[in-house]
1. Looking at TYR87, TYR97, TYR39, which one is among the aromatic types (Phe, Trp, Tyr) and more than 16 Å from the ligand (Cβ to nearest atom)?
2. Considering only the stretch 288-306, state which residues are surrounded by fewer than 17 Cβ atoms within 10 Å (Cβ to Cβ) and assigned to a strand (DSSP E or B).
3. Kindly list the number of the only condition in (1) over 23 Å from ALA155 (Cα atoms); (2) out of contact with any His (no Cβ under 8 Å at 6 or more places or on another chain) that fails for PRO295.
4. Does ALA118 satisfy the criteria of being assigned to a loop (DSSP other than H, G, I, E, B) and modelled with pLDDT of 95 or more?
5. Mind listing whichever residues of the stretch 219-244 are under 15 Å from the mean Cα position of the chain (by Cα) and part of a loop (DSSP other than H, G, I, E, B)?
6. Just checking, does the stretch 95-106 include any residue being surrounded by 24 or more Cβ atoms within 10 Å (Cβ to Cβ) and assigned to a strand (DSSP E or B)?
Amino acid sequence: MGVEPTRHEVTTRQLGRTPARDVSVTVHRYCGGDGPTVYVQAAQHGIELNGPAALRRLHNRLCDAKLAGTVIVVPVMNPLAFDTRSYATPDEYDAQYPNVNRVWPGADDGSFQQRIVAELWPLAAGADAAIDLHTGTPSMLEHVRVVENDKKATALATAFGTNYRLIGDGPISSESGGEASSNVANGDESFIRDDTVRTTQNGEHSGHTQSTETFRIAMTRADVPTITVELGDSRTVDHSVAERGAVGICRVLKQRGMLTASGVLANQLPEPPTQHQLRDDIPVSVTPASGLFEPAANCTVGSEVTDGETLGVVYDPTTFEEKATIATPKPGVIYSLSHGGTVFAGERVASVATPIERTARVDT
Ligand SMILES: [Zn+2]
């Protein structure tokens, strides 16, 4: 390990070609002395803007820093979705896999998005650790997701320093219809079983290789400790959220020994808060009826609820009739709760997770 002044370089990596133009991503490399390589990407989903905003702040810090190792940054992983201001990639590009975060590690002989991912994959998989920046709606707790029992990834998550760390990927029973939920359109990653390893109906579509994993799962399989960060406030750029993202990444670099403890950048880093660990093992709460959803007055993200406690009520907006009471199936902490608004039958309105430890910290 050797700390040296950072050398910054920018390259363009071509990932594919549409009928009329190249599809490429901008890649930043911040190179110091000997040390590990950390890969960071943002904007797999086109409405998740605080990731690139955080990476701009990281850029300003790293360019003036001394560094051991290399930080590779892809600020906009999915320009196809980003440019169209949509959560998923428009069907025009890949109707089979509109969600790019389901096709890692890609496939050279696969669909358009699978091929794009396959071109980027070696850059990520060659790293020693990785951070995948996402954002949820304002009605979701900021959190980091890790694969359970992955100690190295857990250490990254603790260093990043969100107040909550989620493990597990939801009970299998809640799986069906997850991606069909209209919440996907709202860009709330927490409503999506983002992390489930699925098998698709291969023969229905084509004979090519299927790859249907999230970035984090694929990277974990490749033995690269990886965290998925869910920052707040999709669709907007929020100064404080972006700042927390940049600080979190710097804390990860410090944890990996890439910033000297006495360096200016490391010195300016606030200590991460105590991180509460939640297990995502409670079926998400789905409304059985369409209507106007009003969350319970005492319910907000982060609050604890008891078994069967009411999370909100769905009313008929025209007759004022109560259509459904949404209650939590188990006690826990609300980590995602729909704002009041129109909901359709079958739509998820809340997610509750089980607290595991109140003071889970990993120091290694
Ligand atoms: Zn996302």
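1. Answer to the selection: TYR39.
2. Answer for the stretch 288-306, where residues must be surrounded by fewer than 17 Cβ atoms within 10 Å (Cβ to Cβ) and assigned to a strand (DSSP E or B): LEU292, GLU294, GLU304.
3. (2)
4. Values: assigned to a loop (DSSP other than H, G, I, E, B): no; modelled with pLDDT of 95 or more: yes.
Judged against the criteria, ALA118 is not a match.
5. Once the filter is applied, which keeps residues that are under 15 Å from the mean Cα position of the chain (by Cα) and part of a loop (DSSP other than H, G, I, E, B), the stretch 219-244 yields PRO225, GLY232, ASP233, SER234, ARG235.
6. yes
Rundown of residues vs (1) touching a helix residue (DSSP H, G or I) at 6+ places or on another chain (Cβ under 8 Å); (2) over 17 Å from GLU230 (Cβ atoms), yes/no style:
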{"site": "ASN50", "(1), (2)": "yes, no"}
{"site": "ALA53", "(1), (2)": "yes, no"}
{"site": "ARG61", "(1), (2)": "yes, yes"}
{"site": "ILE72", "(1), (2)": "yes, yes"}
{"site": "MET77", "(1), (2)": "yes, no"}
{"site": "SER86", "(1), (2)": "no, yes"}
{"site": "GLU92", "(1), (2)": "no, yes"}
{"site": "VAL103", "(1), (2)": "yes, yes"}
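Every residue, every condition in (1) touching a Lys or Arg at 6+ places or on another chain (Cβ under 7 Å); (2) among the hydrophobic types (A, V, I, L, M, F, W, C); (3) within 22 Å of PRO138 (Cα to Cα), yes or no:
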site: GLN14; (1), (2), (3): no, no, no
site: THR18; (1), (2), (3): no, no, no
site: VAL23; (1), (2), (3): yes, yes, no
site: TYR30; (1), (2), (3): no, no, no
site: GLY46; (1), (2), (3): yes, no, yes
site: ALA53; (1), (2), (3): no, yes, yes
site: LEU58; (1), (2), (3): no, yes, no
site: ASP91; (1), (2), (3): no, no, no
site: ASP94; (1), (2), (3): no, no, no
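The values are calculated or read from the model by the stated rules, or taken from the named source; none is laboratory data. This structure is a prediction, so every number in the text was calculated from the model and none was measured. All Cβ positions, even for glycine, are placed from backbone atoms using ideal geometry, and neighbour counts span all protein chains on display.
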